[in-house]
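Below: one structure, written as C-alpha cells.
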Amino acid sequence: MTVESTAARTPRRSAGSKAGTTGTKRTTRTTAKNPKGSEPELVQLLTPEGKRVKNAEFDKYVAGITAEELRGLYRDMVLTRRFDAEATSLQRQGELGLWASLLGQEAAQIGSGRALRDDDYVFPTYREHGVAWCRGVDPTNLLGMFRGVNNGGWDPNGNNFHLYTIVIGSQTLHATGYAMGITKDGADSAVIAYFGDGASSQGDVAEAFTFSAVYNAPVVFFCQNNQWAISEPTEKQSRVPLYQRAQGFGFPGVRVDGNDVLANLAVTKWALERARGGEGPTLIEAFTYRMGAHTTSDDPTRYRGDEERLAWEAKDPILRLRRYLESANHADEGFFAELETESEALGRRVREAVRAMPDPDHFAIFENVYADGHALVDEERAQFAAYQASFTDAEGV
C-alpha cells in the first residue's frame, strides 16, 4: 500500500487510543532501501500532487484554517529551508564547524511547531530549526553553538524552547520530567519532545516512555523518522513501524505523512489536546525523509542511491503545499515573488550575522567550576593566560 493510496484512510493506531480501535493491524513495512514498496497506513491530508483529501478523525483540527494561514505555513517552510541552505553553505566555507540539515523535514517541523501554544514547552534535538522558527527563536542564534562561540545562544525560558541537545535521546527524559512537574503544578499546558528514528533505539527514550505512561504525563513524543540513523536504515532497528512501540507502553501511537504539513498540524493538535486533557502521552511518528546528509561530516552517497532520493524529492513538502495553494487560488505569483525576495534577504542576514559573531571569552571555561573558587583552577587559569600571551609576544617580535 503506497502513501498516495492511503490518503483518505483512517489511520490504524496503537492500543490505548480513545478512538475505539483495539489492537493494531500488522502491516508490511517499507524499507529505507525500497521507498516504492509497501508502507503502513498513515494520516495524510495533502497528497504529493497537492490534492486535499478527507480524514474523518483529523479533518476537524484544520477545518477552520484560512488561506492566509496556509500561506503562512508555506512561508515558514520556505524560509526555514533557505536558512538551512545558508547554514550548510557557511559550514562548507569554514564559517561553521558542523551543521545538521533539516532538508526534507520542513513539513513535520512547521506543522507540529504551529500546533503548539505559547505556554507549551519544547525539548528539541539539534535539527529542529523549523520548530525554533515557530517558537520565535532568531535563526542566527541557532548558529553560535555550531560556530563554537557559545553553548546555545538563546534563553530557553524566553520562548519555551530548550537548548539543542546533542546527547541522543536524553531530551525525552528531560521532557518527561518537565511534564510530570506541570501535572503537579496543576497547569494545563503540554510538552513536546523531538527525536529521530535512531534515537528511538536509545534506552533513555524507552525510560521516558515508561515514566510518562505510568505518571500519565502531558507529553507528546514526536519522532521524525527520516529512515536513516546516519547510515543505519530503520529496518536494522525495528521489526515494526516505530509508532507501534507506544502500544507496549500503554499509550497511543500514530503514523503521519511527515511531508504533509496539514497532517502534521492536525495530528499534533490532537495529541496536545489529549495531553492537556489529562489523557497522558502520545507517540507521533512523522514518516519523512532526510534529503541531505546526516550532518555536513556525512556522505550519504556511500550508503544510499539516487533512485531513493529522487523518489522522495517527488514528495517534497514545499512543492506539495505550493501545488495546493495554486490549485485552490490561495496564492498568486506576486506572493511567491515576494517570498523569494524575503528568502534571499534572510540568507544575507544570516551570513552577515555569523561572520560578525565575536569570539568567546577564552577564560570563561574557568568560571563557575567551583562555587567558591579553587587553587588548582586558579593555577590552570594562570597557565592558560601565559599561553595566550605567548601569541601576542610572538606577534610583537
Rounded to the nearest 10 degrees, the helix 170-185 long axis (Cα) sits at an angle to the longest Cα principal axis of the chain of 80
Could you pull out every one of the aspartates and glutamates with an alpha carbon less than 15 Å from that of LYS54, ignoring same-chain neighbours closer than 8 positions?
GLU4, GLU41, ASP257, ASP260
Based on DSSP, what percent of beta bridges with both residues in the chain are antiparallel, to the nearest 5?
10
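So if we plug the beta-carbon distance of ALA386 and ASN141 into 1/(1 + (r/R0)^6) with R0 = 30 Å, what FRET efficiency do we get, rounded to 0.05?
Computed FRET efficiency for ALA386 and ASN141: 0.30.
Treating only the Cβ atoms of Lys and Arg (+1) and Asp and Glu (-1) as charged, compute the dipole magnitude of the chain about its Cα centre; round to the nearest 20 debye.
Charge dipole, the chain, about its Cα centre: 2040 debye, nearest 20.
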Value of Rg to Rh for the chain (Rh from inverse mean 1/r over Cα pairs, i.e. Kirkwood)
1.01
Using only Cα positions of segment 211-320, each an equal point scatterer, no hydration layer, compute I(q)/I(0) via Debye at q = 0.18 Å⁻¹ and quote the log10 values to two decimals.
-0.95
When ligands, DNA and RNA are left out and all protein chains stay put, how many square angstrom of accessible area per residue does the chain have with a 1.4 Å probe?
44
Ranked packing of 371-381, 52-62, most packed first, by mean Cβ within 10 Å:
52-62, 371-381
With a 10 Å cut-off between alpha carbons and a GNM built on the chain, which of ALA175, ALA385, ALA63 moves the most?
ALA385
Treating the beta-carbon of each Lys and Arg as +1 and of each Asp and Glu as -1, no other charges, what is the dipole magnitude of segment 157-273 about its Cα centre, to the nearest 20 debye?
140
For segment 165-268, just the Cα atoms, rotate onto the principal axes and tell me the three extents in Å, largest first.
42, 31, 27
Which one of THR47, PHE391, ALA286 has its Cα pushed farthest toward the positive end of the charge dipole of the chain, where Lys and Arg give +1 and Asp and Glu give -1 at the Cβ?
THR47
Cα-based equivalent ellipsoid, segment 161-204: semi-axes from gyration tensor eigenvalues, Å:
22, 10, 8
Reduced to Cα centres, the span from segment 119-155 to segment 265-332 in Å works out to 20
Given only helices, namely DSSP H runs of n ≥ 4 each adding -39500 (n - 2.57), what is the per-residue ellipticity at 222 nm of the chain, to the nearest 500 deg cm²/dmol?
-12500 deg cm²/dmol
Of the candidates GLU128, GLU68, GLU340, which one comes out as most mobile in a Gaussian network treatment of the chain with C-alpha springs shorter than 10 Å?
GLU68
Going down the list LYS60/LYS315; LYS269/LYS315; LYS60/LYS236, which pairs span over 32 Å between their C-alpha atoms?
LYS60/LYS236
Taking the chain as a Gaussian network, where each spring joins two C-alpha atoms under 10 Å apart, which residue of GLN224, GLN383, GLN109 fluctuates the most?
GLN383
Bridge type composition, segment 198-324 - antiparallel percent by DSSP, nearest 5:
15
Pairs of Cα atoms under 8 Å, at least six residues apart: use those to get the relative contact order of the chain, whole percent.
23
Would you calculate the volume per residue, in Å³, of the smallest convex hull containing every Cα atom of segment 102-250?
112
Arranged from highest to lowest average of other beta-carbon atoms within 10 Å per residue, in what order do the peptides 360-370, 83-93 appear?
83-93, 360-370
How much length would be gained if the chain were fully extended between ILE365 and ASP155, taking 0.36 nm per residue of separation minus their Cα-Cα distance, in nm to one decimal?
73.7 nm
Cα-based Kirkwood hydrodynamic radius, segment 62-105, one decimal, Å:
12.0
The base-10 log of I(q)/I(0) that the Debye equation returns for segment 277-356 at q = 0.11, 0.23 Å⁻¹, one scatterer per C-alpha, is -0.59, -1.06
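The values are calculated or read from the model by the stated rules, or taken from the named source; none is laboratory data. Just so we're clear, the structure is a prediction, and the values are computed from it rather than from any experiment. A quick note on method: Cβ atoms are made from the backbone with ideal geometry, for glycine too, and the neighbour counts reach across all protein chains shown. Just the protein is used for accessible areas: all its heavy atoms, side chains included, with ligands, DNA and RNA removed. Shrake-Rupley method; radii C 1.70, N 1.55, O 1.52, S 1.80 Å.
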